[in-house]
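Below is one structure; the comments refer to it alone.
Every number here is computed from the coordinates shown, using simple stated rules; none is lab data. A quick note: this is a predicted structure, and the numbers were derived from the prediction, not measured. Glycine also receives a Cβ, built like all others from the backbone with ideal geometry; neighbour counts cover every protein chain displayed.
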């Protein structure tokens, strides 16, 4: 776990000078009772950047965001927004952020415009600026035709947009969006993404999502969070490179797969050669995927190897690994590593306790369930059998 | 800070005036209090009839100050009626915010918990005040019809007493509302607590001693009756102000605690 966690983190964080960061999160942890929601989360966001917070549900995205907004206190660690500590200077932090929680906080009995005026007043927008700020937020979120409609009467997509407008109405330097596109139809999702992209530059944005394409489309940088830990931080492109460490090719060749595989394996940079099944493939042809390591493009060598063996090369296509694969690999690899770690710890514990004690302990804890349960149930049967035979 | 409180007050008022529920409460309040007004003043058992029959019998001692007597009976009834209606006004103050998730907006805005609580309390007090205004109009008309016209200061003192009592009930109701997501539960609990405080002095008559004395001081009806009869004792004022301050303080604390325990 630590191995994977540290590897991508360091190159991303080292070049940043911490003083210039808009958001700095340092070894942040939060526990509810005994369960840890987030553990040792560290990342930073530079001004004008969009950071995507990617992770499965329950990974700790919302908790991290709530701590950043000052809504929840952290158990340990520090977080600073625009140079202010979220705990000690909570009011200053609140002045500098716009926040869209998972469920948009809307007063359904107000009109869109009335609600935005209320939020503007609440966030301390000066009287003279309110009208311009509200109309600019309405314009940006495409809500102009709904300005006098009661929020109660709006559809889910419009409510989400009102939630967004609420987060930007006071023009905050930092905007925190918790799953901004959830529950929207594809067209609205595109609108929201464009809006977020248009906000970057002047604003620093953190958005959380469990939808992968969203991150590669909108974000400059990605922090992948799983089970309360940030497992990787980098740009979407670099993350892919880091993870796969190279590019891949898909080949269609004429000839046996084994021959092609053997030929390609001769290249030291080739990591994986695998066959791809396709139903209507002509006799004698096969499809295969080659994944290579390192940054050098091996297209020339691969084609040379294939052709050099007398195989026919009919198609050769470069494939980029999508972020979805990265995400899957990260979280599943994390999972596998986790299991391996616990397995290791288990065996280490048994070793440390010593074999003579460890083995009887194993038999004591495990056997009663399996072995002694059987004798118990079989014992009466054995008793009854002789007795019945006696009676007979 | 003042700006923030004003923002909250305006929002609260807006939601009351936009809600059919609040109008229903106001309607019931006006209907019943209008009935009380007529019954106390003009009814067969009303003040005017009883004074007239006294005159016929030739009883002049002790003299009766009719407007004054009327107001204290009417305001007493109004107080009891408010006891039922005020929990319904205060029940949604925080319970609705919790249910809607808008508490997260307030808690991440540059406004302190106590400013929110003060704003909300002021908002609901203003709404209740507008509810009582027409009734005070009735009383004022009745006062002006008496000869010689009664002093309006008595009316104003009575109104102030009613508002103070209402503010105390609303402040405690607001605190109870901040404890739960359920508006109904908040209303029931508030009503139970207020009923207890309303008749605290009756309950402790049997206890007696210093403990009974202390508890009887918490009684709302005792201090309320003093105020609407024009007895302006500082201890009564202090009790009401303490209730209001305690309500605001506890509300701010409970919202703070809520954020710490939220999972």
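Quick notes on this one:
- Proxy reagent accessibility, fewest Cβ within 10 Å first, across B:183, B:251: B:183, B:251
- Region B:128-263 shape via C-alpha gyration tensor axes, a/c threshold 1.5: oblate
- DSSP beta bridges in region A:2-242 [antiparallel fraction, %, rounded to 5]: 50 percent
- Using the Cβ-Cβ distance between residue A:200 and residue A:235 with R0 = 22 Å, the FRET efficiency computed as 1/(1 + (r/R0)^6) comes to roughly 0.95.
- Take every pair of alpha-carbon atoms less than 8 Å apart whose residues are at least six positions apart; their mean separation over the length of chain B yields a relative contact order of 25 percent.
- Computed lengthening from residue B:182 to residue B:163, 0.36 nm per intervening residue step minus Cα-Cα distance: 4.2 nm
- Counting other Cβ atoms within 10 Å as a rough exposure proxy, the listed residues A:289, B:11, A:95, B:54 run B:54, A:289, A:95, B:11 from fewest neighbours to most.
- Sorting A:174, A:149, A:231 from the fewest to the most surrounding beta carbons within 10 angstrom yields A:149, A:174, A:231.
- With 0.36 nm allotted per residue and the present C-alpha distance subtracted, the residue B:50-residue B:35 stretch has 3.6 nm of extension available.
- Sum of -39500 (n - 2.57) over DSSP H runs of 4+, divided by residues of chain B (222 nm, nearest 500): -27500 deg cm²/dmol
- Anisotropy class of region A:2-242 from Cα gyration tensor, a/c 1.5 cut: prolate
- Cα-based shape type of region A:58-167, given that a ≥ b ≥ c are square roots of the gyration tensor eigenvalues and the cut on a/c is 1.5: oblate
- Label-point separation in nm, residue B:245 to residue A:85, each point 7 Å along Cα→Cβ: 3.1 nm
- Based on C-alpha pairs under 8 angstrom that are at least 6 apart in sequence, region A:248-319 has a relative contact order of 50 percent.
- Spin-label model distance (nm) - residue A:150 vs residue B:23, 7 Å beyond Cα toward Cβ: 1.0 nm
- Here the simple spin-label model places points 7 Å from the Cα toward Cβ, and for residue A:319 and residue B:260 these points are separated by 5.4 nm.
- Averaged over peptide B:95-108, the number of partner chain Cβ atoms lying within 10 Å of each residue's Cβ comes to 6.
- Modelled FRET efficiency - R0 45 Å, residue B:57 with residue B:141, Cβ distances, 0.05 increments: 0.95
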